[in-house]
Each structure stands twice: as C-alpha cells, then as structure tokens.
Amino acid sequence: MSDTPINLDELRQRIDQLDSDILNLISERASCAQQVAHVKLAEDKDAVFYRPEREAQVLRRIMALNKGPLDSEEMARLFREIMSACLALEQPVKVAYLGPEGTFTQQAALKHFGKAP
Ligand SMILES: O=C(O)C(=O)C[C@]1(C(=O)O)C=C[C@@H](O)C=C1
C-alpha cells in the first residue's frame with residue numbers, strides 16, 4: 001500500500017481532466033483524418049479511403065508503444081474503434097457479413113472494422 005492517502009474526489013477530478021484531454025486529442029485526430037480525405041480526393045477523384053495496411057501499421061505501432069496497465073490487445077481494440085470512427089468521417093463504410101445478426105461472421109466484421117456507422 002502507498003503512504004499517500006487516496007482521495008476519491010481528487011482521483012475523479014484527475015480522471016475528468018484526462019477525459020477532457022483524450023476528447024480533445026481524439027477530435028484533433030478526427031480532424032486530421034478529414035484532412036487526409038481531402039488530400040486523397042485532391043489526388044484522385046476515385047480515392048480509396050479504407051487503407052488496411054496503414055491501419056495495421058498504426059495498430060502495430062500502438063501495441064509496441066504500449067506500456068500498460070491495459071494490455072496491447074485491449075489498446076489495439078480501442079484504437080481500432082477510433083480509426084473506424086475516423087474512417088466513417090472520411091466516407092461511410094458498408095460492410096457485408098453472412099447470416100443473421102449475432103453470427104461469428106458479424107462478430108468478426110465488427111472486430112475487424114469497428115462499430116462506427
Ligand atoms: O492514413 C490514412 O490513409 C487514413 O485515411 C487515416 C486512417 C486513420 O484513422 O489512421 C483512417 C482510415 C484508413 O483506413 C487508414 C487510416
């Protein structure tokens with residue numbers, strides 16, 4: 001146990017501050033992704049927005065940088081969702097899967113592409 005008494009209010013204030021920082025950083029990242037979309041469109045009117053090789057590179061980097069306490073798989077899952085939301089800003093994505101809702105193929109599609117609309 002640490003010698004410093006843990007104050008719940010202080011810890012929650014710290015969490016609120018960190019959440020504000022995370023919110024601002026995710027918004028900044030999303031604006032960057034929108035600019036990426038503009039650059040892609042300026043270069044090619046049939047631009048491809050979904051770039052799986054780039055997403056894999058981002059996730060590999062995040063997993064290598066991660067120092068815990070969240071494990072790298074969990075961190076990658078969070079970043080996959082962030083990229084999924086950023087990609088949805090660039091262009092709405094349509095993902096098809098086999099069978100009714102709740103199947104393994106739907107779960108696999110959600111895991112791979114994230115849940116963003
Ligand atoms: O780097 C790109 O080409 C992007 O469009 C940005 C981004 C990202 O959010 O990092 C978003 C969608 C792509 O599938 C890959 C990466």
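Every number here is computed from the coordinates shown, using simple stated rules; none is lab data. Everything numeric in this text was worked out from a predicted model, so none of it was measured. We place every Cβ from the backbone using ideal geometry, glycine too, and count neighbours over all the protein chains shown.
Just a few scattered comments:
- Gyration tensor verdict on the range 8-113 (Cα atoms; rounded if a/c is under 1.5, prolate if a/b is larger than b/c, oblate otherwise): oblate
- Between residue 64 and residue 8, the distance separating the two model label sites (each 7 Å from Cα on the Cα→Cβ line) works out to 4.3 nm.
- Candidate cross-link partners of residue 67 among the aspartates and glutamates, defined by an alpha-carbon separation under 14 Å and a same-chain spacing of 8 or more, are absent.
- When the chain is treated as a Gaussian network with alpha carbon springs shorter than 10 Å, the biggest mean-square fluctuation among 49, 104, 79 belongs to 104.
- For the range 65-70, backbone phi angles converted through the Karplus equation (6.51, -1.76, 1.60; θ = phi - 60°) give residue-by-residue couplings of 6, 4, 10, x, x, 6 Hz, Gly and Pro being listed as x.
- For the chain, a Gaussian network of Cα nodes joined below 10 Å ranks 29, 51, 77 by mean-square fluctuation, and the top entry is 51.
- Remark: relative contact order (the range 21-117) = 29 percent; criterion is Cα-Cα distance under 8 angstrom and separation of 6 or more residues.
- Label-point gap, in nm, between residue 46 and residue 74 - each point 7 angstrom along Cα→Cβ: 4.5 nm
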